[in-house]
Each structure stands twice: as structure tokens, then as C-alpha cells.
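In what follows, a single structure is set out as C-alpha cells and then discussed.
Nothing in this text is a laboratory measurement; each read-out follows from the coordinates by a stated rule. Not measured: the values here are computed from a predicted model. Don't worry about glycine lacking a Cβ; one is built from the backbone with ideal geometry, like all the others, and counts go over all protein chains shown.
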């Protein structure tokens, strides 16, 4: 467990990639379940009435998209590690974001809180791009493009569906 946490923390610093995690479907499943649970809890805590279904839909879209991209690039064997990397780093960054968002008060102007949340958001996109770069064997700029396109697709999917 300590090795996993170390790898995830190094991945957040863009020092390692998904290939440094064990290729284990059980690890990927546990991390995905924890990531899903965090998303549901965060959504419900921050006032989302349909947080459970939204979280399920966003995660399903991401899993499908990652699996499709890896298949197209002819790297389907990297799926478990890629999903574990995305979920593991997502748990850490999502937890940090939740800590800041739970302190938000709409009655008070809190620019530092907003800036901190935006920094975590940008960091999350950069880490996802780093993961996609390694998993798909593409450049970092292409990884950024993939990361932003998946974020946009998730947003559109949720807005259209819900």
C-alpha cells in the first residue's frame, strides 16, 4: 500500500506514469470504486440531488473513452493501469478539491478559495494529460488535448442527459 501511495504521489508530481503501477484489475476496481464513492459523496455533500447518477455516468463515459482510445492506439493491455492511475490521482485531487469547496460560502467573497480550487482543477488536468501521454504514447500537448476534450465531453454529456 505504501508503494502504491508513493507511486500516486510521484504521479501527481509527473515523475512516474501509469506503467509504474501494477497491472492489476483488482487494484483498478478498488480505486475506481473509491473514486466513484468520493464523487458521489462530494456531489451529495455540495448539494447535488442527482450526484449518484451523475457520478456513475461520468465515470462510465471516462472508462469507455479510455478503453476506446487504448484500443485504437493498439494498447488495450494498458487499460487496468491507466484506470488505476486516473482513479488514484483523482481520489487525491478530488479529496483536496472537496476540502476547499466545503469551505465555500456564497455569502462571502473568497477569492483565495476560488484561486486554490482553480489551481487544483488545472493541476488535475495536467496530471490527467501526463497519464494519457504515457498510456497512449502521445506527446504532452496531445495529452492535454485528450484531457480537455474528455472534460468537455463529460460536461456536455451531463448537461444534455440531466
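When each of the peptides 21-29, 46-54, 78-86 is scored by the mean number of other C-beta atoms lying within 10 Å of its residues, the order from highest to lowest reads 78-86, 21-29, 46-54.
Computed on the range 37-134, with alpha-carbon pairs under 8 angstrom and 6+ residues apart, the relative contact order is 24 percent.
For the chain, what ratio Rg/Rh do Cα atoms give with a Kirkwood hydrodynamic radius? For the chain, the value is 0.96. Length gained on full extension, residue 162 to residue 13, computed as 0.36 nm times the residue gap minus the Cα-Cα distance: 50.2 nm. FRET efficiency for the residue 34 to residue 149 pair, using the beta carbon distance and R₀ = 22 Å, is estimated at 0.30.
Under a Gaussian network description of the chain, with springs only between Cα atoms under 10 Å, the residue in 101, 115, 61 that fluctuates furthest is 115. Given their separation in residues at 0.36 nm each and the Cα-Cα distance between them, residue 110 and residue 4 gain 34.7 nm when the chain is fully extended.
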